[in-house]
1. Taking the condition over 14 Å from Y70 (Cβ atoms), modelled with pLDDT of 75 or more and not hydroxyl-bearing (S, T, Y), does E18 pass?
2. Name the residues in region 40-63 that are among the hydrophobic types (A, V, I, L, M, F, W, C), assigned to a helix (DSSP H, G or I) and under 17 Å from the mean Cα position of the chain (by Cα), would you?
3. Residue check, C91 against (1) part of a loop (DSSP other than H, G, I, E, B); (2) without any contact (Cβ under 8 Å) to a residue 40 or more places away in the chain; (3) over 15 Å from Q13 (Cα atoms), all met but one. Which one?
4. Limited to region 55-107, what total is found for residues that are out of contact with any strand residue (DSSP E or B) (no Cβ under 7 Å at 6 or more places or on another chain), charged (D, E, K, R) and within 26 Å of L37 (Cα to Cα)?
5. What are the residue pairs meeting all of these: first residue in region 73-86, first residue over 15 Å from L47 (Cα atoms), second residue surrounded by fewer than 10 Cβ atoms within 10 Å (Cβ to Cβ), Cβ atoms under 8 Å, and 6 or more apart or on different chains?
Amino acid sequence: MTQPKADLDLWTQLATKERKGAPPADLVPRCEEAGILGALAGVMGSLQATEVLKELLGLGDSLAGRMLMYDALGCAFHTIKVPHDPGCALCGDNPTITDLSVHTPAA
């Protein structure tokens, strides 16, 4: 079974990942390239903001190590476990993505 493409098929995902930097700018297609349903992005944006606040304030259960999947057509949420990848370039044991300067807004 293939995973539906996020937002285009009304499926989206949310996970909290402890990382040591931002992903490369070209890792994920921009909204205007991939197409996106604004309301679905709003739902996930609200959930992401809640997860950030939970992490910062040390409240509730963290999504770290798990991924929340939302099926907008079926109006259902699913949570799956995501194993730690020690070889991940961003959050692994020896990350190689460490420079955030490309993500810094121009002055």
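1. no
2. Residues satisfying the conditions are L40, A41, V43, M44, L47, A49, V52, L53, L56.
3. Single failed check for C91: (2).
4. Number of matching residues: 0.
5. Once the first residue is over 15 Å from L47 (Cα atoms) and sits in region 73-86, its partners that are surrounded by fewer than 10 Cβ atoms within 10 Å (Cβ to Cβ) give P86/D93.
The values are calculated or read from the model by the stated rules, or taken from the named source; none is laboratory data. Nothing here was measured: the structure is a model prediction, and the numbers come from that model. A quick note on method: Cβ atoms are made from the backbone with ideal geometry, for glycine too, and the neighbour counts reach across all protein chains shown.
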